[in-house]
């Protein structure tokens with residue numbers, strides 16, 4: 001008999017992926033939940049719900065699968081509570097950032113921006129925690145978290161368009177909003193630093209208590 005041993009973060013990601021797939025089957029969900037700049041004052045929940053709806057099935061399935069992969073990758077460093085905080089804070093930061101900084105972007109759907117927040121929170125926390133610990137401050141221990149953080153930032157910076165342009169993606173059959181990825185990356189990086197700082201403080205307090 002095969003026993004499932006998924007972590008809580010992975011089960012949560014699977015539940016979220018199921019919600020994304022479910023919403024994709026409801027025709028009216030996209031219009032009701034997407035980010036719409038003109039409706040934010042009256043319907044502020046769109047700042048969060050916009051990340052759960054997608055422009056088509058390809059978009060939805062890619063983000064649903066990516067959620068589980070990122071949750072699994074950073075599960076050892078980010079528990080369920082921290083992953084949910086990163087996703088929610090990232091979603092709000094993206095919506096608020098688009099509203100304030102990109103007034104020409106009138107609508108938005110997709111989970112990839114929030115995923116960038118989760119990814120960078122995990123990569124930054126992992127890297128910062130490794131740097132703060134003399135036992136893990138070695139080239140071998142730092143190589144993977146440094147590659148993940150640096151590679152992520154290179155990708156985000158290179159994909160940014162000029163101004164508030166929204167480039168067209170052939171595979172998606174729709175325009176993309178790389179600005180959301182940047183906003184998510186910034187929010188995730190800041191959260192990752194906070195998470196790492198709290199871990200360092202906790203470990204220091206534990207060490208003093210033991211000694």
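Looking across segment 166-179 at every residue that is assigned to a loop (DSSP other than H, G, I, E, B) and within 20 Å of the chain's Cα centre (by Cα), the one that is surrounded by the most Cβ atoms within 10 Å (Cβ to Cβ) is identified as 177. Kindly check whether there is at least one residue in segment 161-179 that is under 14 Å from residue 90 (Cα atoms) and in contact (Cβ under 8 Å) with a residue 40 or more places away in the chain. Yes, some residue in segment 161-179 is under 14 Å from residue 90 (Cα atoms) and in contact (Cβ under 8 Å) with a residue 40 or more places away in the chain.
In this entry, residue 13 passes the filter for residues that are in contact with a helix residue (DSSP H, G or I) (Cβ under 9 Å, 6 or more places away or on another chain), on the phi < 0 side of the Ramachandran plot, part of a helix (DSSP H, G or I) and in contact (Cβ under 8 Å) with a residue 12 or more places away in the chain.
Taking segment 90-108 as the range and being within 20 Å of residue 16 (Cβ to Cβ) and surrounded by fewer than 22 Cβ atoms within 10 Å (Cβ to Cβ) as the test, only 92 passes.
Hey, any hits in segment 44-67 for a residue that's surrounded by fewer than 19 Cβ atoms within 10 Å (Cβ to Cβ), free of Cβ contacts under 8 Å to residues at least 12 places away in the same chain and more than 27 Å from residue 163 (Cα to Cα)? No, segment 44-67 contains no residue that is surrounded by fewer than 19 Cβ atoms within 10 Å (Cβ to Cβ), free of Cβ contacts under 8 Å to residues at least 12 places away in the same chain and more than 27 Å from residue 163 (Cα to Cα).
When 41, 71 are checked against the criterion of being on the phi < 0 side of the Ramachandran plot and surrounded by 16 or more Cβ atoms within 10 Å (Cβ to Cβ), a single residue qualifies: 71.
Yes/no per residue for (1) touching a strand residue (DSSP E or B) at 6+ places or on another chain (Cβ under 6 Å); (2) in a helix (DSSP H, G or I); (3) modelled with pLDDT of 95 or more; (4) crowded, with 19+ Cβ neighbours inside 10 Å:
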position: 110; (1), (2), (3), (4): no, no, yes, yes
position: 122; (1), (2), (3), (4): no, yes, yes, yes
position: 127; (1), (2), (3), (4): no, yes, yes, yes
position: 135; (1), (2), (3), (4): no, no, no, no
position: 151; (1), (2), (3), (4): no, yes, yes, no
position: 163; (1), (2), (3), (4): no, no, no, no
position: 181; (1), (2), (3), (4): no, yes, yes, yes
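In segment 26-36, the residue that is farthest from residue 96 (Cα to Cα) out of those that are in a helix (DSSP H, G or I) and touching a helix residue (DSSP H, G or I) at 6+ places or on another chain (Cβ under 6 Å) is 29.
The values are calculated or read from the model by the stated rules, or taken from the named source; none is laboratory data. Given the structure is predicted, the values throughout are model-derived calculations rather than measurements. Counting neighbours? That spans all protein chains shown, and the Cβs are built from the backbone with ideal geometry, glycine included.
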